[in-house]
Structure formats: C-alpha cells, structure tokens
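Structure, as structure tokens:
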Amino acid sequence: GGHGSGIKVKKMKSKYKIKSMRNQSLHGPSPVTTFGPKACMLQNPHAVMHIQDPASQRLTWNKPPKSVLVIKKIQDASLLQPFKELCVFLTEQKNMIVYVESKVLADTAIAGDESFGAVIQKFCTFREDLDDISNRVDFIICLGGDGTLLYASSLFQESVPPVMAFHLGSLGFLTPFNFDTYQSQVTQIIEGNTAIILRSRLRVRVVKESREKKGIIMTNGDSEGSRKSMQYQVLNEVVVDRGPSSYLSNVDLFLDGHLITTVQGDGVIVSTPTGSTAYAVAAGASMIHPNVPAIMITPICPHSLSFRPIVVPAGVELKIMLSRDARNTAWVSFDGRKRQEICHGDSITITTSCFPVPSICFRDPVNDWFESLSQCLHWNVRKKQNYLSSEEEEF
C-alpha cells in the first residue's frame, strides 16, 4: 500500500492481504521500477520521497496543548452565544490560554456583557498584520463559515497549527464540525489521536516593477533593486482577472520557465485541490479531493472553444505575466483578499507550499469530502427514473 513496499506478487500467498492494505490506502499502489526484461528506473537517492499515507494521518501532541486561537466571524450576532460558551469552556474547564483578535472583542455585544467580562480579562489579544502569534498557538478553533478557515490560513505564513472548524448553520467544505456537541469534540482533540487532512497551500510571490510616479507603497515585502517583492500563502486560489476594464485580459502562462499559453478572456484561476470546489468549480473545473497532489489551472470565460481546465503536478512552478500586447492591466487576489493591480513587467510566481493547513476531520478525509459534496453542492442529486414493470416493457 505505501511507498517503496516492493511487493513481489509471486511470493505473496494471500491475495486478501494485498486487498485489505489497498483498501486502507489513499496513495496509489507503489509502481514497479523494472519495465520489461532490460529497462529499469535510474536510481536517484535525492529524489526519494517518504510521504505518510493520507489515510493513516492522525493528530498527536508532543506535549499537551495549552493555548488555542479562537476565530469568530465578525458582525454575526448568531455566533455571540456559541463564542462565549466556547471561551468559558476552554478557559474554565480546560484551563487553556485563549487568543482572540482585538477587533472581535471590540463588538459592543461582547464588550458590554458584564457577565463575560471576567473571561475577557484572561484572553490574550492580537492585531492582524501587527502581532506575530505563529509560535504561541497550539491549535485553532474556527466559528462560522469557510471564510474563517481561509482567514486562519492567512494569519500563518509558515507552519500552521491544527485547525478545528465548526459550522453554525449549514455545513461548509472546510467546516465539518457541528457545534451542538462541541464539548466532547474539543475534549477529543485536546487528548489527541484524531484524523487530519493536510490541505496543500500555494506559495505565491508577486514581483512588481518600481513605479515612482504612482508612488506604490508596499508593506512586509522586500526590495530587489528597483523591484518590490511580496509573498503569500494561499489555501483556495489565486485569481488573475481583468478588473474594472471592459477589455479582455491577456496574460501569459509559463510552466517551469516555458510559455505554455496565453489566456485571453476574463482571467485565470490557479487553485489547490481544496480550492477546486470554490471559484474553480463555478468556472467549469473538476472537483479534486484535497489529498491529490496537484495544481489546477482554470480559465474564466476564455474567448476560445478549446481551452479546457487543466491539472498539473504539484511540484511545478507557474508564472503569470501580462502579455506584451495586452490592452490593459490585470488584477490579482489571494483567497479573495489583498487585491492589487498587475502591470507590464510585474510577475506572479506560484508553486506548492511546504506549509499545508492541517485540518481536523469530523470522521475521515474521504467521508468528510463526500458529505460536503452532497450537503454543499447537492452533487448528483436528481429524481430517480421509475422502474419498468414487465407489462410496460412490451410497449
């Protein structure tokens, strides 16, 4: 089942054993490395990757977790009571240090609640873009929709703590837990040994030509001579589109340094498998299970009858630039945020990040995904055809 198992079928007496191993695996079977009587794979010790099978990935703790970041959707009154309940449970029953963003506590419904005041005193607060909490948080709890998990991802530009995401209302693709049983579910996470799914992210580097006259001011980036460079970690997708312009966008797409094609249309979506069920699926892409190592390239309304969405291996490097003859600029956004203009000479380089989001499963990676396909998108829901009786068959 796993990598490098080197099973020789002749020596294996029990067929059932292979089958049972394969049933548990989410990786494909290890391919043989000899082809016909004389050909074989050139051995390269530097190219050997040892990746744990996704079906067996489980969360454990080196030391008991002590701190938790609680992310709550802002300005949603229905979340106030669950948020307060959860925070009281974490601080008083589980003795956890709770991190909360300052703007969450600025909500008058929270700040004005005297009974909640004693709990608030115990919180550690932080401000996005100003305070670094990357090494202080043991795990994350999200309350709200899928957007809360995307936001959690944006706070951690390197290693991400495990994320437990609750939906309050309808099930989301990224929020598999129901809040009704939060106490037992959170307790189980703190004790460890739950299934996790590693959601790959994209590492995106935007390099901009310096334009003195426009007075571009960039933050938290580095300068390369006359250029400005910014880096982002993206969980769903990078979208390059025509912005407010009425012209088609014209962008060149390079793969490992080679020009693959020019996208002429409303734009292009570069997404992770996690993002395949977001904007990409609306633009005609396939839905890909988050454990598949891949990058998806999906055009948005291309002015072409043959530009099908494509899937490329996770290890490639993509680069997007404005075409030389493009009539207008393009705009780029990352998981729907940090939207900015892309001009001639600017470049967007995209690769798979080595910092995935470890998302805690409700049941397991496969069950959770099909449950969300069914509940969120009503995948393949249709009225069943009636059974034909023998009398009807004659007509």
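Quick look at the values:
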read-out: Odd one out for residue 22 among (1) loosely packed, with under 12 Cβ neighbours inside 10 Å; (2) at pLDDT below 85; value: (1)
read-out: Residues located in the stretch 85-139, provided they are farther than 11 Å from residue 67 by Cα and of a type in the set (Lys, Arg); value: 103, 122, 127
read-out: Complete set of residues in the stretch 67-95 that are part of a loop (DSSP other than H, G, I, E, B) and within 24 Å of residue 147 (Cβ to Cβ); value: 73, 74, 75, 76
read-out: Residues located in the stretch 31-66, provided they are in a helix (DSSP H, G or I) and either loosely packed, with under 10 Cβ neighbours inside 10 Å or touching a strand residue (DSSP E or B) at 6+ places or on another chain (Cβ under 6 Å) (or both); value: 45, 46, 47
read-out: Residue within the stretch 196-207 that is within 27 Å of residue 84 (Cα to Cα), buried (at least 18 other Cβ atoms within 10 Å of the Cβ) and hydrophobic (A, V, I, L, M, F, W, C) present; value: yes
read-out: Pair list, Cβ < 6 Å and 6+ apart or interchain, from the stretch 191-203 residues that are farther than 14 Å from residue 355 by Cβ to residues that are at pLDDT 95 or above and aliphatic (A, V, I, L, M); value: 194/360; 196/360
read-out: Of all residues making up the stretch 99-110, the number that are among the acidic types (Asp, Glu) and either part of a helix (DSSP H, G or I) or touching a helix residue (DSSP H, G or I) at 6+ places or on another chain (Cβ under 8 Å) (or both); value: 1
read-out: Where a residue in the stretch 347-367 is in contact (Cβ under 8 Å) with a residue 12 or more places away in the chain and its partner, wherever it lies, is among the aromatic types (Phe, Trp, Tyr), with Cβ under 6 Å and at least six apart; value: 362/177
read-out: From 75, 81, 93, residue being open to solvent by 80 Å² or more (accessible area, probe 1.4 Å) and at pLDDT below 85; value: 75
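Condition check ((1) touching a Ser or Thr at 6+ places or on another chain (Cβ under 6 Å); (2) of a type in the set (D, E, K, R)) across all residues:
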residue: 242; (1), (2): yes, yes
residue: 248; (1), (2): no, no
residue: 257; (1), (2): no, no
residue: 260; (1), (2): no, no
residue: 266; (1), (2): no, yes
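The values are calculated or read from the model by the stated rules, or taken from the named source; none is laboratory data. Keep in mind that this is a model prediction, so the values were computed, not measured. As a convention, Cβ positions derive from the backbone with ideal geometry for all residues, glycine included, and neighbour counts pool all protein chains shown. Side chains included, ligands, DNA and RNA excluded: accessible areas come from the protein's heavy atoms. Shrake-Rupley method; radii C 1.70, N 1.55, O 1.52, S 1.80 Å.
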